Amino acid sequence: MNSKHMIAAFCAVGLVAGALADEAKPAAEETSELSWAPGEGVTFGETPIVSTEVGVAFDSRYMTYGVIDGKDPIVTPSATMTFFDWVYFSVESIFDVTKANGKRGGYGNRAGKYTTLDAIVGLAHEFDLGDDVGTLGFDFNYIYEYIRRYKDEDGADCMDDTQYFNLELTLGGHWLEPTLAIERDLMADDGTYVNLSLAHEFALVDGESEDDDPVLAFTPSVGQGLGNTQRVRGYFPKHKGSDEALDHGGLMDTTIMGELTWNFAPGLALTGYVAYSDYWLDSNMREGARAHNAEWGHGCNHSWNFYGGLALSASF
């Protein structure tokens, strides 16, 4: 082998070695240790392992499907643990602030005591579908809702536990972000409720980088509910002054909401909201909502409601 061939051979060996080194280099530079950061939880390299979120919410009224289930405020503490950015387990409970909800609701004085306890297991993940389609958020869960035992007017024990299946799909990355939520009640009224909402987030104060959440953001939204016959019948046993339940499904509550979120520290957020709900699109349901709300006393005998609340959350 002459000198030119030797030089060429050494160059070829060098190029191959350099290429192999370059291929091996990223793997060597990747973090292969457990790490923790506020708001992100524990990761192994780039792989999420476990994260936790705890929170407490205060609502001026206990509202469900745009109608009153409690005239006075409620407090809802919650906790969620998520594994591998897929599987999560949650628990949350509703506490009455005053005795009025329990007395009018038929279950006595529960001021400062819990009324419901929910155990939740679910699957949730986000899928990046490209710039044109956006990000698809997926959340499917099962809830067992335990109702604290009480006695009815006849002194009989009441056990009104129920179970739910829920599916929520959100399409992100667009100026208007739609969310479709489907709830299936398995025990209480065997009903199905669907809600489609549109929202847009305005960043009032940007985060430090493009990947960070805004420090301060305002999100207006509008949502429309739809219930099947079982759900409507279960919630509106009276309408138009009669004792007959509504016997048809259809469009239920329309809700307009504004949320202000302040991410004041890594993993810490404070959110406040105001909302307006009414039954615009079905006159029979509007009468049913009026009758449902009127059971909570003077000043509630209308189909519409204004309400609001605050929520504090910590992620770690």
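The values are calculated or read from the model by the stated rules, or taken from the named source; none is laboratory data. Since the model is a prediction, treat every value here as computed from it, not as a measurement. FYI the Cβ positions are ideal-geometry reconstructions off the backbone, even for glycines, and counts take in every protein chain you see. Calculation scope for accessible area: heavy atoms of the full protein, side chains included, ligands and nucleic acids excluded. Shrake-Rupley method; radii C 1.70, N 1.55, O 1.52, S 1.80 Å.
Key figures for this structure:
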quantity: Residue in segment 257-267 that is open to solvent by 30 Å² or more (accessible area, probe 1.4 Å), in contact with a Ser or Thr (Cβ under 9 Å, 6 or more places away or on another chain) and of a type in the set (Ser, Thr, Tyr) present; calculated: yes
quantity: Matching residues, segment 84-103, being at pLDDT below 95 and surrounded by fewer than 16 Cβ atoms within 10 Å (Cβ to Cβ); calculated: Lys99, Lys103
quantity: Residue identified as over 21 Å from Gly70 (Cβ atoms), at pLDDT below 95 and loosely packed, with under 14 Cβ neighbours inside 10 Å among Gly299, Gly241, Gly249; calculated: Gly241
quantity: Number of the condition not met by Leu312 [criteria: (1) modelled with pLDDT of 95 or more; (2) assigned to a loop (DSSP other than H, G, I, E, B)]; calculated: (2)
quantity: Selection status of Ala291, more than 27 Å from the chain's Cα centre (by Cα), among the hydrophobic types (A, V, I, L, M, F, W, C) and crowded, with 16+ Cβ neighbours inside 10 Å; calculated: yes
quantity: Exclusive hit being under 30 Å from Thr52 (Cβ atoms) and open to solvent by 80 Å² or more (accessible area, probe 1.4 Å), set Val215, Val274; calculated: Val274
quantity: Segment 108-129 residues that are part of a strand (DSSP E or B), paired with ones that are surrounded by 13 or more Cβ atoms within 10 Å (Cβ to Cβ) and basic (Lys, Arg) (beta carbon under 6 Å, 6 or more apart); calculated: Ala111/Lys99; Thr115/Arg148
quantity: Residues within segment 61-83 that are open to solvent by 40 Å² or more (accessible area, probe 1.4 Å) and assigned to a loop (DSSP other than H, G, I, E, B), tallied; calculated: 2
quantity: Matching strands (runs of 3 or more DSSP E) fully within segment 208-278 where at least 2 residues are under 16 Å from the mean Cα position of the chain (by Cα), touching a residue at least 24 places away in the same chain (Cβ under 8 Å) and within 21 Å of His302 (Cα to Cα); calculated: 216-227, 250-265
quantity: Residue, modelled with the lowest pLDDT, within segment 27-42, restricted to residues that are more than 17 Å from Met81 (Cβ to Cβ) and acidic (Asp, Glu); calculated: Glu29
quantity: Residue tally, condition in contact with an Asp or Glu (Cβ under 8 Å, 6 or more places away or on another chain), at pLDDT 95 or above and either basic (Lys, Arg) or assigned to a loop (DSSP other than H, G, I, E, B) (or both), over segment 157-202; calculated: 2
quantity: Answer residue from segment 47-60, given it is assigned to a strand (DSSP E or B) and not hydrophobic (A, V, I, L, M, F, W, C) and is nearest to Arg231 (Cα to Cα) among those; calculated: Asp59
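Each row is one residue, and each column tells you yes or no for (1) touching a Lys or Arg at 6+ places or on another chain (Cβ under 9 Å); (2) closer than 27 Å to Ala275 by Cα.
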site	(1), (2)
Ile143	no, yes
Arg149	no, no
Asp157	yes, no
Leu167	yes, yes
Pro178	no, yes
Ile182	no, yes
Asp190	yes, no
